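Visitor: Pasting in a structure now, in structure tokens, and then I'll have a few things to ask.
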Amino acid sequence: MSDNKILVIPADLVKKIDENCGDMNRAEFIEALIDNLIAEKGESRENVKSDFVTRTELLVFEQDMKQLLKSFLDFFMAYDVELGENNQQIELDKFTTKLQGLQKDLSPADNGSKGGGKATIKWKT
């Protein structure tokens, strides 16, 4: 005696099965789909990396980029002062004040705080 059972499914689903099963019969096609789905669920989907970044990752990246820009500015200003003349002390003091303001802007911002932790750099032409 065979161990076959009857499965009642909608006619639309039978039509999809028939269109996509190729050389397999319906039973083989359904079995292949179920095996594939079980194998897919067996793999941990949590370990698969997403193509998207979270808000936290984006904010951390933004802060790191601001720190990098500040480091470049510090370096180039120190380099310019080293090669420049001593009469540029007033401009250096102004720039140091601007850098300190930038440092305050780089501190993590609270939600809803004014400024939002964004730093802007204006270049003179």
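Visitor: What ranking of Glu31, Glu62 comes out by heavy-atom accessible area, probe 1.4 Å, highest first?
Guide: These residues rank, largest area first, as Glu31, Glu62.
Visitor: Once the whole set of protein chains is in place, how much accessible area is left on Leu7, using a 1.4 Å probe, in Å² to the nearest 10?
Guide: Roughly 130 Å² of Leu7 is accessible to a 1.4 Å probe.
Visitor: Mind grabbing the accessible area of Ser2 for me, 1.4 Å probe, Å², rounded to tens?
Guide: Accessible area, nearest 10 Å²: 80 Å².
Visitor: Would you kindly find the accessible area of Thr54, with a 1.4 Å probe and non-protein molecules such as ligands, DNA and RNA excluded, rounding to the nearest 10 Å²?
Guide: The accessible area comes out at roughly 70 Å².
The values are calculated or read from the model by the stated rules, or taken from the named source; none is laboratory data. Remember, it's a predicted structure, so these values are computed and weren't measured experimentally. What goes into the accessible areas is simple: the full protein's heavy atoms, side chains included, and nothing from ligands, DNA or RNA. Shrake-Rupley method; radii C 1.70, N 1.55, O 1.52, S 1.80 Å.
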